[in-house]
Amino acid sequence: MDKLKKEIKINVYLRILFLFICIATASYISTTNLNAKSNDNFSEYESVCKEALETVQGINNDNLKVYVGNIYNVIDTEGNLNGYSLGYFVDDEPYGYAIYNLTDKSIREFVLQPGVKNIYEELEDKAQNTESVNEDELIDGVVYDGGIGYSTYDFDGNKIDINDIYPDE
């Protein structure tokens, strides 16, 4: 009986933590410094997180306790808000990402794999190793070029794209 109470407390704690993460992420997204038009509707962010978590449940055979964090705006090449890039985490470690498409209201692409960070963070890490891009002046988000083309730019217009991270794809 004590074990059951402990599990219930843990589940309640995890749900509260998830809600806190969604609220914090929603707050962060609404204050980002992009020229994209964004919707400050909390229910949208909550549904985006829920959709991202439901998407990976079909392949979560190990019943990992996956949660969402590090959400960044995805904008199109004209600067319009196109979606969100969400990071997956397990035990505070990066465990993949999902790209939510605002047009279709669905997950466009996702990866669930240990050690894989949010695509924006992967681009940012690559920028640190590239002399032509100033990683300290990257825009705070992902630019969607169509298909699976993602990139980010510094304020001088220098670009890091997905092919710089995964050259064989």
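Every number here is computed from the coordinates shown, using simple stated rules; none is lab data. Because the structure is predicted, anything quoted here is derived from the model rather than measured. Reconstructed Cβ throughout: ideal geometry from the backbone, glycine too, with neighbour counts over all protein chains shown.
What does the extension gain come out to for residue 59 and residue 145, with contour length at 0.36 nm per residue minus their alpha carbon separation?
28.2 nm
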Requested in this report: Within the stretch 97-148, list the trypsin sites (Lys or Arg not before Pro) lying in a DSSP loop whose Cβ has at most 14 other Cβ atoms in a 10 Å radius.
Outcome: 105
Requested in this report: Kindly provide the GluC sites (Glu not before Pro) of the stretch 97-140 that DSSP labels as loop, not H, G, I, E or B, and whose Cβ sees at most 13 other Cβ atoms within 10 Å.
Outcome: 131
